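Undergrad: Here it is, the structure in full.
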Amino acid sequence: MPTFDTASIILIAITLIAAIVNGALGYGFSSLTVPVALLFYTNRVLNPTMVIVEVAINLFVLIMNRDSLPRVYKRVYPIVIGLVPGVLLGSYLLASLHPSWIKFFTYLLLLPLIFVQAAGIRRPIQAERLVGLPFGAGIGFLYSVTTISGPPLAVLFNNQGLVKKDFRAALGLIRVAESTMTAIAYAHLGLFTRQSHALVPLIVPSVLLGIPLGTALIRRLHPETFRRICMSFDVWVVSFGLSRVLVDLKIVAAPANYAVMVGAMILDAYLLYVFFARRARTPADPAPVVPSG
């Protein structure tokens with residue numbers, strides 16, 4: 001039986017919220033869970049647990065959108081091939097570096113990616129296959145270090161104009177591949193420990209409850225607004241975590257470290273204002289069919 005302390009209760013709560021978001025949008029479980037959970041656990045403990053859970057979640061997303069696979073697999077297979085070197089390098093660094101530095105790089109990589117999404121920046125790529133291999137390597141590295149890859153994948157697929165079902169199928173295919181590869185690499189490096197396994201029964205009930213709740217909830221909400229609010233939550237948590245780890249690593253002394261969080265929240269508030277101002281000017285526009293984030 002799992003023991004319940006403050007960290008366990010918060011983990012259960014955040015994974016339930018993240019599962020609801022994943023059920024609504026088809027992704028987002030790690031990008032919401034990890035920034036919060038890293039306040040209480042190291043990547044070496046948390047990542048193996050997340051990978052185990054995500055193999056199942058991503059497989060479910062892929063099966064639910066399997067009809068779109070014939071339309072997307074040729075577009076994503078270069079990314080899948082590129083995952084291999086990235087996963088191997090990232091897994092090795094996870095096993096080698098100090099946990100605080102892994103947290104620092106996790107938060108540092110996530111924050112600009114969230115802001116790119118929040119700003120709605122889209123730059124369609126013409127040489128899609130040429131970009132696929134290096135992009136896949138970067139995604140594999142990011143995922144194996146942080147278990148997060150949704151933000152850059154969403155930016156890419158939105159740029160390329162994938163419709164909702166194709167978006168989810170492409171995302172599911174890549175994330176099944178990356179989570180499976182990462183699980184194999186973690187097992188080889190001995191990263192699956194008793195501490196990691198102990199977190200699984202805390203997370204699984206949240207996933208089983210949250211995903212169907214999210215699927216039902218999104219029918220009553222505007223997907224883009226829901227997605228944008230989730231991104232603001234991510235900004236607050238990631239900037240707080242980055243501010244905290246700057247002190248742990250003695251890079252910046254308190255309270256100056258919280259300037260990062262204040263700056264991030266000001267920028268997010270501006271982008272949120274721009275988002276809702278645009279929505280107010282176009283009230284008759286239909287809900288977007290392609291999620292991102």
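The values are calculated or read from the model by the stated rules, or taken from the named source; none is laboratory data. Please read these numbers as outputs of a predicted model, since none were measured by experiment. Every residue, glycine as well, gets a Cβ built from its backbone with ideal geometry; the counts of neighbours run over all protein chains shown. The protein model used for the area step is the full one, side chains on, heavy atoms only, and it has no ligands, DNA or RNA in it. Shrake-Rupley method; radii C 1.70, N 1.55, O 1.52, S 1.80 Å.
Undergrad: Does the stretch 34-48 contain at least one residue that is part of a helix (DSSP H, G or I), within 20 Å of Trp236 (Cα to Cα) and open to solvent by 10 Å² or more (accessible area, probe 1.4 Å)?
TA: So far as the stretch 34-48 goes, yes, one or more of its residues are part of a helix (DSSP H, G or I), within 20 Å of Trp236 (Cα to Cα) and open to solvent by 10 Å² or more (accessible area, probe 1.4 Å).
Undergrad: Please give the number of the condition Phe29 fails out of (1) over 17 Å from the mean Cα position of the chain (by Cα); (2) open to solvent by less than 60 Å² (accessible area, probe 1.4 Å).
TA: The single condition Phe29 does not satisfy is (1).
Undergrad: Scan the stretch 28-54 and report the pairs whose first residue is basic (Lys, Arg) and whose second residue is open to solvent by 10 Å² or more (accessible area, probe 1.4 Å), with Cβ atoms within less than 7 Å and a gap of 6+ or a chain change.
TA: Matching pairs, first to second residue: Arg44/Pro99; Arg44/Leu191.
Undergrad: Residue by residue through the stretch 49-98, note down the ones that are among the small types (Gly, Ala, Ser) and open to solvent by 30 Å² or more (accessible area, probe 1.4 Å).
TA: Ala56, Ala95, Ser96
Undergrad: Another question, then. Would you be able to tell me the number of residues in the stretch 2-11 that are among the hydrophobic types (A, V, I, L, M, F, W, C) and either open to solvent by 50 Å² or more (accessible area, probe 1.4 Å) or within 14 Å of Met231 (Cα to Cα) (or both)?
TA: 3
Undergrad: If you don't mind, another one. Kindly list, by first and then second residue, each pair from a residue in the stretch 205-225 that is closer than 16 Å to Thr15 by Cβ and touching a residue at least 40 places away in the same chain (Cβ under 8 Å) to a residue that is hydroxyl-bearing (Ser, Thr, Tyr) and open to solvent by less than 30 Å² (accessible area, probe 1.4 Å), limited to pairs with Cβ atoms under 8 Å and residues at least 6 apart or on different chains.
TA: Partner pairs satisfying both residue conditions: Ser206/Thr15; Val207/Thr15; Gly210/Thr15.
Conditions (1) on the phi > 0 side of the Ramachandran plot; (2) open to solvent by 50 Å² or more (accessible area, probe 1.4 Å); (3) out of contact with any helix residue (DSSP H, G or I) (no Cβ under 6 Å at 6 or more places or on another chain); (4) modelled with pLDDT of 75 or more, marked per residue:
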residue	(1), (2), (3), (4)
Leu113	no, no, no, yes
Arg122	no, yes, no, no
Gly132	no, no, no, yes
Gly136	no, no, no, yes
Gly161	yes, yes, yes, no
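Undergrad: Please determine whether any residue of the stretch 168-191 is within 18 Å of Val61 (Cα to Cα) and either open to solvent by 60 Å² or more (accessible area, probe 1.4 Å) or without any contact (Cβ under 8 Å) to a residue 12 or more places away in the chain (or both).
TA: Within the stretch 168-191 (the criterion being within 18 Å of Val61 (Cα to Cα) and either open to solvent by 60 Å² or more (accessible area, probe 1.4 Å) or without any contact (Cβ under 8 Å) to a residue 12 or more places away in the chain (or both)), the answer is no, since none of the residues qualifies.
Undergrad: So Pro201 fits all but one of (1) open to solvent by less than 60 Å² (accessible area, probe 1.4 Å); (2) within 27 Å of Pro99 (Cβ to Cβ); what number is the exception?
TA: Only one criterion is unmet by Pro201, namely (1).
Undergrad: Which residues, taken from the stretch 51-65, are in a helix (DSSP H, G or I) and either touching a Leu at 6+ places or on another chain (Cβ under 9 Å) or β-branched (Val, Ile, Thr) (or both)?
TA: Matches in the stretch 51-65: Val51, Ile52, Val53, Val55, Ile57, Asn58, Val61, Leu62, Ile63.
Undergrad: In a helix (DSSP H, G or I), over 22 Å from the mean Cα position of the chain (by Cα), modelled with pLDDT of 85 or more and surrounded by 11 or more Cβ atoms within 10 Å (Cβ to Cβ): is that true of Ala259 in this structure?
TA: It is true that Ala259 is in a helix (DSSP H, G or I), over 22 Å from the mean Cα position of the chain (by Cα), modelled with pLDDT of 85 or more and surrounded by 11 or more Cβ atoms within 10 Å (Cβ to Cβ).
Undergrad: Return a yes/no flag: does the stretch 245-255 have any residue that is free of Cβ contacts under 8 Å to residues at least 12 places away in the same chain, open to solvent by less than 60 Å² (accessible area, probe 1.4 Å), at negative phi and assigned to a helix (DSSP H, G or I).
TA: Yes, some residue in the stretch 245-255 is free of Cβ contacts under 8 Å to residues at least 12 places away in the same chain, open to solvent by less than 60 Å² (accessible area, probe 1.4 Å), at negative phi and assigned to a helix (DSSP H, G or I).
Undergrad: Go through (1) open to solvent by 50 Å² or more (accessible area, probe 1.4 Å); (2) modelled with pLDDT under 85 one by one and return the number of the condition Thr225 breaks.
TA: All conditions are met except number (1).
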